[in-house]
Amino acid sequence: MRKGKGILILLILFLLLLVAAVGCGNDQKEVSNKAAQAETEKKKETPANEPREQTAAKDEKQQSEQAVFTRGEHDEAPDSLAIPVLMYHSINEDVKNNLIIPPNEFDEQMKWLKDNGYHPLYLRELGDILETGKNVPEKPIVITFDDGYLDNYTNAYPILKKYALPANIFVITSKIGADNHFDEQAMKEMAANGIEMESHTVHHPELNQLPYEAQLRELTDSKKCIETITGQEVNSICYPVGRYNEETERAAQEAGYRMGFTIENSTANKNQGMYRLKRLRVSPGIKLEAILPQ
Ligand SMILES: [Zn+2]
C-alpha cells in the first residue's frame with residue numbers, strides 16, 4: 001500500500017516535470033528557430049571565407065557610419081550661393097486662395113524633397129552659410145511658413161515630422177492662441193521638435209507705414225515674446241505683406257536680428273542684403289521642381 005502511494009507520487013511528479021519541459025521546450029524551440037534564421041541571414045550577407053571577428057568589426061563600423069548623419073557639407077563662394085527659401089502660409093483642405101496648399105500636395109512636396117536629397121536648414125544655420133559660404137550642405141533649402149496658422153500645427157507639423165524635415169515658422173505674436181492660430185503650448189511642442197519659431201512682428205502692420213520707434217517696438221517685443229515662450233533665440237524677421245523701408249532694416253539690426261525676409265520672388269544670396277532676403281512662393285497646384293533652380 002505504502003509502495004503504491006510512493007509510485008503514484010513519483011508518477012505525478014514525472015508528469016508535472018514533463019508538462020513543464022514541454023512548455024519551456026516550445027519557447028526554446030521558437031527562440032532557437034529565430035536564432036538559426038538570423039544566423040542563416042547573416043551567413044547570406046557574409047562571405048563564407050571571412051573570419052568571424054572581422055565580420056563583427058565590419059558590422060560595428062557600418063553602424064557607426066550610419067549614426068553620423070552627413071549632409072555632404074562643403075565650402076562655396078558666398079557670391080554664387082542661390083539658396084531657395086520656400087514660403088508657405090496655410091496647409092489646408094479648404095483652398096480658398098492661392099496662399100493655401102492642401103495637405104496631400106504638401107506631403108508630396110516634402111516627400112519629393114526627401115527623395116531628391118535636399119537638406120532643409122534652420123534659419124539659425126542660414127546666416128553663417130549665406131555670409132561665409134562654409135559648411136554648405138548638398139542641395140540646401142529652407143522651409144518657412146508665415147503667420148502661425150493653426151493648420152501649421154495640425155497639418156504641416158505631422159508631415160514634417162514624418163519625413164524628419166526641419167522647418168521655420170514666422171509667428172505674429174499678438175495672434176498666438178487666437179482663432180485659427182496655434183497657441184503657446186503647440187508652439188513649445190513644435191519648437192522642441194524641429195520647428196524653429198521666428199518673428200512676423202506683434203501686430204502684422206505694414207512696417208514702412210510706421211515711424212522708426214514703432215517699427216522697433218514691433219520687432220523687439222515680438223522677438224522677446226517668442227524667445228520667452230520657446231527658450232530659443234529668434235534671429236529672423238519676415239516683413240508683413242513684404243513691406244519695409246530703410247528704417248525697417250535699421251530697426252531689425254538694432255533689435256538684434258541677423259536676417260530680414262521679404263516676399264520678393266527669388267533664391268536667397270547675401271548680396272541682396274541680409275535684411276532684404278528673397279523667398280520662393282509656393283502656390284497650390286505647382287510642382288516644386290518647377291520653381292526650384294536646376
Ligand atoms: Zn503675414
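Brief remarks on what is shown
- The range 78-291 - charge dipole about Cα centre, Lys and Arg +1 at Cβ, Asp and Glu -1, debye rounded to 20: 400 debye
- P(r), alpha carbons of the range 78-291 - 5 Å bins starting at zero, rounded %: 1, 7, 16, 20, 21, 18, 11, 4, 1, 0
- Mean projected area in nm² (Cα convex hull; one quarter of hull surface) for the range 234-294: 4.9 nm²
- Charged neighbours of MET197, selected by a Cβ distance under 12 Å, balance to -3 (K, R count +1; D, E count -1).
- Projecting the Cα atoms of GLN215, GLY148, TYR118 onto the charge dipole of the range 78-291 (Cβ charges, centred on the Cα centre) puts TYR118 farthest toward the positive pole.
- Gyration tensor verdict on the range 190-292 (Cα atoms; rounded if a/c is under 1.5, prolate if a/b is larger than b/c, oblate otherwise): oblate
- Rg/Rh ratio calculated on Cα atoms of the range 121-202 (Kirkwood radius): 1.01
- Take each peptide in 214-224, 172-182, 271-281, 142-152, count the other Cβ atoms within 10 Å of every residue, and average; sorted highest first, the result is 142-152, 214-224, 271-281, 172-182.
- Formal net charge of residues neighbouring SER174 (Cβ-Cβ distance under 14 Å; K, R +1; D, E -1): -2
- Residue by residue, the range 180-185 carries 3J(HN,Hα) couplings of 6, 10, 6, 9, 4, 4 Hz when phi is fed to the Karplus relation 6.51 cos²θ - 1.76 cosθ + 1.60 (θ = phi - 60°); x denotes Gly or Pro.
- Lysine pairs in the range 78-291 whose alpha-carbon atoms fall under 22 angstrom of each other, counting only those eight or more residues apart or on distinct chains, come to 29.
- Distant-in-sequence amide contacts of LEU121, defined by a placed amide H-H separation under 5 Å and a gap of 5 or more residues or a different chain, comprise ILE141, VAL142, ILE143.
- A cut-off under 13 angstrom between Cβ atoms defines the neighbours of THR248, and their net charge, with Lys, Arg +1 and Asp, Glu -1, is -3.
We did not get these values from a lab; they are worked out from the coordinates using the rules stated. No experiment lies behind these values; they were computed from the predicted model shown. All Cβ positions, glycine included, derive from the backbone under ideal geometry; neighbour counts span all protein chains shown.
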